[in-house]
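Peer 1: Got a structure for you, written out below as structure tokens; questions coming shortly.
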Amino acid sequence: MVDQARPEDTTSTDDHVTTWAVENDFVRPQLSGISGRAISLPGAPAFSTVRSASAGPADVNATTPTAPPIPAQRSTAPRSTAQGSDTRTSIATRPAARPAAALESLAGPAPLTEDDTWQRVPVGRLTAATGPGLAVVVILIGAGYLTWRAGTLSGSGVAGFLFYSAEVASYLTIVWTAVMTSRIRPGRVRRPPAPTGTLDVFVTVCGEPVEIVEATLRAALAIDYPHRTYVLNDGRIARRGNWREIDELAARLGLTCFTRTTGARGKAANLNHALARTDSEAIMTLDADHIAVPDLAERVLGYLRNPRVGFVCTEQRFDVGRYDVLNNAEPMLYRAVQPAKDRDGAASSCGNGTLYRRAALTSAGGFSEWNIVEDLHTSYELHSRGWRSVYHPEPVSVGIAPATAAEYAKQRSRWAMDGLRLLLFDNPLRKPGLTGWQRTHYLHTGVGYLVACAQMMFLLGPPMNALAGVRIAAGVSLTDYVLHALPYLVGSMLVVARHTGVRGAHRTIASTLFNAPLYALAFVRVVLAGRPESGATAKTALPRMSLLLLPQALFAAALIATIVVVGLDPDVADLSGLVWAGALLAMIAGPLSALSERSSTVERAQLPIRAAIAVTVLGLATTALLTS
């Protein structure tokens with residue numbers, strides 16, 4: 001038990017408030033009207049729906065869960081905060097001892113090697129060869145197409161060369177991605193060893209609604225392994241109005257709550273503040289809106305028995321509805337890119353659901369505060385110090401993703417600025433300590449944002465041809481151009497679809513086109529403004545519009561104008577331009593239509609939007625053919 005305290009024992013200065021809440025002679029205050037019943041997290045799937053990595057977003061049952069009841073906090077009370085520190089801490093009474101099994105070192109009496117965490121599964125030779133074989137075929141088709149295109153540049157002007165440059169950049173990205181994904185090991189899957197060691201769970205909070213945070217904390221407490229759960233409340237320093245409610249919630253649940261009053265803003269600083277005041281060998285980070293699965297420790301903690309592993313990344317799982325128009329599930333990342341990085345010990349953290357070895361964090365000086373968010377650059381620093389990472393291809397929590405295009409755009413802009421800052425100001429080619437493959441993977445991440453900017457040229461193709469009279473390929477019609485490009489485009493989509501499925505491929509390509517202007521703006525902001533301020537993704541009262549969506553809206557308007565102009569006057573351009581514009585519009589209209597935070601509303605709009613585009617394009621094309 002912690003020492004008893006009285007209200008008069010509370011000390012307060014301008015930058016220091018420490019409150020001790022105990023359950024001995026002094027009764028801790030309770031919030032009136034709130035019982036110990038379970039709280040549901042709106043919109044998050046139930047625990048039973050968290051499946052293996054092979055399950056797609058459509059497999060998630062979007063029913064509202066019932067969070068588990070609060071178990072006793074199985075941990076010792078942490079040491080008190082020294083007077084004069086910059087934190088407010090609520091510490092509740094807890095049992096003083098851990099189970100003996102949890103006291104073993106993470107390296108353990110039986111350290112493991114890399115091979116001990118892999119399991120072989122039967123895979124046919126044809127299945128194993130399909131992916132690399134398809135990639136080689138697409139690379140050869142693409143090389144043939146670009147060779148043909150090079151002969152059409154004479155007389156196409158500056159615009160034609162710019163468009164061709166975008167095609168070359170995209171082709172090189174496909175080649176690079178094919179090389180990266182060839183690192184995936186067919187027939188080998190991760191097998192988590194038995195967990196051991198001491199565990200702290202950090203739940204970072206920055207203004208999220210109390211009911212969402214409560215559901216997250218209840219789930220964290222229900223993790224079926226001896227651990228300590230901490231609330232990292234940054235609401236006060238971020239000037240969020242509900243920070244006191246979070247403090248009261250933590251006290252009611254009997255949890256330690258760190259509430260900063262001074263220091264740098266941002267999630268990394270919040271994590272470092274708690275890191276310095278805790279002592280377990282392993283740390284699991286959870287966002288305030290993520291419901292952890294009870295067997296979280298069983299899934300990931302055992303990997304740290306390999307003394308070379310510094311952190312463990314997991315798949316992110318969100319309640320994305322049936323269509324996931326914003327591609328929040330990112331199947332290409334979690335089913336192809338991260339497994340490929342895992343082969344080389346280069347998997348990078350995606351923030352939530354990452355397990356860190358305390359010794360690794362200590363060697364790097366804690367969580368990196370250099371970038372906008374902590375995950376990518378912390379991974380980078382740990383890898384540069386010789387630590388390896390593991391990617392466990394299962395989620396350990398289910399969370400809430402951005403529901404509107406405006407909030408999604410803000411989130412993706414922050415992520416893009418993170419990757420671009422690393423590429424421009426801390427380039428992997430100059431970073432000591434990284435292996436060759438680790439450098440290649442980090443370069444692929446940073447350069448990918450730059451290459452994605454070039455996708456804007458494809459959105460401009462039909463309008464440039466139909467509205468401005470620009471010839472993309474000289475000496476050939478637009479129809480000939482499209483027919484030559486079609487096999488390469490279909491092959492590229494099949495390469496993506498092999499990892500993501502057909503629907504996942506469509507969403508991946510659509511999000512790439514939609515995000516292209518965001519990445520271009522992110523590049524400009526990084527070059528001109530340096531490091532923008534960090535921020536948390538909103539969970540409620542989401543914005544419906546944002547200036548970040550203006551470029552996408554202008555592209556959509558240009559494509560609509562192209563469809564109307566070419567459809568009404570086929571002499572302006574080939575009808576293939578009409579079909580091309582319609583296909584691109586259907587791609588970006590989905591994400592752009594996410595104006596409501598109600599996913600059901602957005603999903604109901606998708607079929608009418610696509611049907612309207614298809615009927616309009618086919619109707620105009622048929623009319624033009626009949627009247628020509």
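Peer 1: So for the pair Lys431, Leu547, with labels modelled 7 Å out along Cα→Cβ, what separation do we get in nm?
Peer 2: The answer from the label model is 3.2 nm.
Peer 1: Right, here's the next one. If you count only protein heavy atoms with a 1.4 Å probe, what accessible area per residue comes out for region 234-277, rounded to a whole Å²? Intermediate values should be presented prior to the final figure.
Peer 2: Working: 1550 Å² over 44 residues.
Using a 1.4 Å probe on heavy atoms only, each residue of region 234-277 averages 35 Å².
Peer 1: Assuming a ≥ b ≥ c are the square roots of the Cα gyration tensor eigenvalues, decide whether region 429-537 counts as rounded (a/c under 1.5), prolate (otherwise, with a/b larger than b/c) or oblate.
Peer 2: It comes out prolate by the Cα gyration axes.
Peer 1: Next question. Taking a ≥ b ≥ c as the square roots of the eigenvalues of the Cα gyration tensor of region 358-410, is the shape rounded (a/c under 1.5), prolate (a/b larger than b/c) or oblate?
Peer 2: It is oblate, given that a/c is not under 1.5 and a/b is not larger than b/c.
Peer 1: Among 586-596, 403-413, 606-616, 185-195, how do they line up by average Cβ neighbours within 10 Å per residue, starting with the highest?
Peer 2: 403-413, 586-596, 185-195, 606-616
Peer 1: Among 467-473, 494-500, how do they line up by average Cβ neighbours within 10 Å per residue, starting with the highest?
Peer 2: For the peptides 467-473, 494-500, the packing ranking is 494-500, 467-473.
Peer 1: Accessible area per residue for region 362-444 in Å², computed with a 1.4 Å probe and the full protein assembly in place, what is it?
Peer 2: Solvent-accessible surface per residue comes out at 29 Å².
Peer 1: A further question follows. Counting other C-beta atoms within 10 Å, and keeping those with at most 12, which DSSP coil trypsin sites (Lys or Arg not before Pro) do you find in region 211-290?
Peer 2: Arg239
Peer 1: Of the heavy-atom accessible surface of region 150-269 (probe 1.4 angstrom), what whole percent is carbon and sulfur?
Peer 2: Of all accessible area on region 150-269, carbon and sulfur atoms account for 56 percent.
Peer 1: In terms of modelled amide H atoms, which long-range or inter-chain residues lie less than 5 Å from the amide H of His227?
Peer 2: Placed amide hydrogens put Arg74 under 5 Å from His227.
Peer 1: If you average the alpha carbon positions of region 261-275 and of region 168-183, how far apart do those two centres end up, in angstrom?
Peer 2: Answer, in whole Å: 38.
Peer 1: Further, regarding this structure: Using packing as a proxy for protection, rank 372-384, 415-427 so that the peptide with the highest average count of other Cβ atoms within 10 Å comes first.
Peer 2: The most tightly packed comes first, giving 372-384, 415-427.
Peer 1: A follow-up question, please. How much accessible area per residue does region 139-228 have, counting only protein heavy atoms and a probe of 1.4 Å, in square angstrom?
Peer 2: Dividing the accessible area of region 139-228 by its residue count gives 34 Å².
Peer 1: Evaluate the Kirkwood expression for the hydrodynamic radius of region 482-628, namely the inverse of the mean inverse distance over all pairs of different C-alpha atoms, and round to one decimal in Å.
Peer 2: Mean inverse Cα-Cα distance, inverted, gives 17.6 Å.
Peer 1: Next up: Using only the Cα atoms of region 365-493, build the gyration tensor, take square roots of its eigenvalues as a ≥ b ≥ c, and label the shape rounded, prolate or oblate: rounded if a/c is under 1.5, else prolate if a/b is larger than b/c, else oblate.
Peer 2: prolate
The values are calculated or read from the model by the stated rules, or taken from the named source; none is laboratory data. This one's a predicted model, so the numbers in the text were calculated from it and none came from an experiment. Neighbour counts are summed over all protein chains in view; Cβ atoms, including those assigned to glycine, are modelled from backbone coordinates with ideal geometry. Note: accessible area is taken over every heavy atom of the protein model, side chains too, but ligands, DNA and RNA are not part of it. Shrake-Rupley method; radii C 1.70, N 1.55, O 1.52, S 1.80 Å.
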